[in-house]
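The values are calculated or read from the model by the stated rules, or taken from the named source; none is laboratory data. This structure is a prediction, so every number in the text was calculated from the model and none was measured. Neighbour counts are summed over all protein chains in view; Cβ atoms, including those assigned to glycine, are modelled from backbone coordinates with ideal geometry. Calculation scope for accessible area: heavy atoms of the full protein, side chains included, ligands and nucleic acids excluded. Shrake-Rupley method; radii C 1.70, N 1.55, O 1.52, S 1.80 Å.
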Amino acid sequence: MLSLIKLPRVFTINQVPKVFHEDSIISGYRHPRSSATDCILSLFQLTNETLNIWTHFLPTWYFLWKLVMVVLIQRAWQDSFTWPLLIFLFSCCIYPLTSSCAHTFSTMSARARHICFFFDYGALSFYSLGSAIVYSAYVFPDKWMNSLFHQYYIPIAVLNTVICTALACYSRLGFPFLQYNHDIMKRFPECQRPKFSKYMRVVAFAYPYLFDNIPLFYRVFFCVGEGCTDMNTNILHYYHITLALLTGFLFATHLPERLAPGSFDYIGHSHQLFHVCGILATHFQMEAVEQDMMIRRSWLREHSLPITFASSLGAALFCVVQNLIIIILFSLPLLSGPVCKEKKHNKVSFQFFISLF
């Protein structure tokens, strides 16, 4: 059937505007003003985004299955002890689904690209909060239970997610209305200072991850003797930490394509590897927290802080609302102007396309 459908054409880096360029990726770019239909059809042809999409879209269904099992079998809504796991699994479904949608529809226009990845950043920061909530409930080392750090851990994690989303969005365009609007196509700081923009984005996501994992790092690397939680679950946490660090390394370094630009355009570039490692890290993280929850259930019910609406579902809902507000604020300037102005600005950039269609 696909042979009867005319798939969209792909282009080289010199045929698309700079905003669509990827470091050391030379070919396989989709049309920078693709229709929604073209974006969906591109899922079934080989472009430099195809595996980025599928490596997150397919795992979404596995994570969704895990979520449904918790809801149906453990009846999560009836037991507050299960609420943190429910939030975490929901965040595990949201971030890969949002990422796959962002990669799918990001070539509809320059505006669409930015807005798609604003949502991607918000979903990743929500996943960070989901990790913090589930760690607070099931993973904290025994000797840190009910400590001052434990009591303020979730509020700080909520604040971190807001900062993470705002900083990541800022790294693309700067401050809305002040540094960009619908008429400004040369953006700050991504186009003018791409390395600074990249470093800012790395910091935006590295900081909440490092904070969320303080109790886990202490538990598996430093805690010895009485009051430590030394179980078979720790090996799963090791796997998760190793893969998470590898994920960050790939995201920051753009290896291996930087070593041989053009050789990994379609298969094997860092973003694909980053997606695969991130999903595997989430899988081991999920297995680890579920084991901690089951093995430590009785002890946690007696010694840990009580799981309340405010520290679980309430914190998650607050994060969702705040992230949506931030995304809307950064998106408004891109949506406030008529589309024709963007077309007029890009007339010179796209004149070479006239002869192609």
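What the table below lists for this structure:
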| quantity | calculated |
| --- | --- |
| Distance (nanometres) between label positions extended 7 Å along Cα→Cβ at ILE73 and THR308 | 3.2 nm |
| Under 18 Å, Cα to Cα: Lys pairs in the chain, sequence gap 8 or more or different chains | 12 |
| Of SER136, SER100, SER35, the one that fluctuates the most in a GNM where the chain has Cα springs shorter than 10 Å | SER35 |
| ³J(HN,Hα), Karplus 6.51/-1.76/1.60, whole Hz, each residue of region 140-145, x for Gly, Pro | 3, x, 3, 6, 9, 4 |
| Efficiency of FRET between PHE175 and LEU245 - r from beta-carbon atoms, R0 35 angstrom, step 0.05 | 0.65 |
| Selection from ILE13, PHE221, VAL203, by position along the positive dipole direction of the chain (Cβ) | ILE13 |
| Percentage relative contact order, the chain, counting C-alpha pairs under 8 Å, at least six apart | 22 percent |
| Region 160-313, relative contact order in percent, only Cα pairs under 8 angstrom and at least six apart counted | 18 percent |
| Other-chain or far-sequence residues with amide H under 5 Å of PHE11's (modelled H) | GLY28, TYR29, ARG30 |
| Convex hull projection area averaged over all views, the chain, Cα basis, nm² | 19.7 nm² |
| Net lengthening on full extension, TYR238/LEU46 (0.36 nm per residue, minus Cα-Cα) | 65.7 nm |
| Spin-label zone in region 305-330 - amide nitrogen under 17 Å from a point set 7 Å from the Cα of PHE149 along the C-beta vector | 305 |
| Accessible heavy-atom area order of LYS6, LYS195, highest first, probe of 1.4 Å | LYS6, LYS195 |
| 9 Å beta-carbon shell around GLU257, net charge (K/R +1, D/E -1) | -2 |
| Added length on full extension, which subtracts the Cα-Cα distance from 0.36 nm per residue, TYR62 to SER35 | 6.8 nm |
| In order through region 315-325: 3J(HN,Hα) via Karplus (6.51 cos²θ - 1.76 cosθ + 1.60), integer Hz, x for Gly, Pro | 4, 5, 5, 4, 4, 4, 5, 5, 5, 5, 4 |
| Whole-number percent relative contact order across region 107-238, with pairs defined as alpha carbons under 8 Å at least 6 apart | 30 percent |
| Sequence-distant residues sharing a close amide H with PHE264 (under 5 Å, placed H) | none |
| Cα centroid of region 1-65 to Cα centroid of region 245-288, whole Å | 18 Å |
| Point-to-point label distance, MET231-ASP23, nm (Cα→Cβ direction, 7 Å offset) | 3.9 nm |
| Selected from CYS169, CYS228, CYS92 as most flexible by GNM, with the chain as the system and alpha-carbon contacts under 10 Å | CYS228 |
| LEU324 paired with PHE211, simple spin-label distance in nm, labels 7 Å along Cα-to-beta-carbon | 2.3 nm |
| Mean residue ellipticity (222 nm) of the chain, computed from DSSP H runs ≥ 4 via -39,500 (n - 2.57), nearest 500 | -20500 deg cm²/dmol |
| Shape call, region 276-324: gyration tensor on alpha carbons, a/c limit 1.5 | oblate |
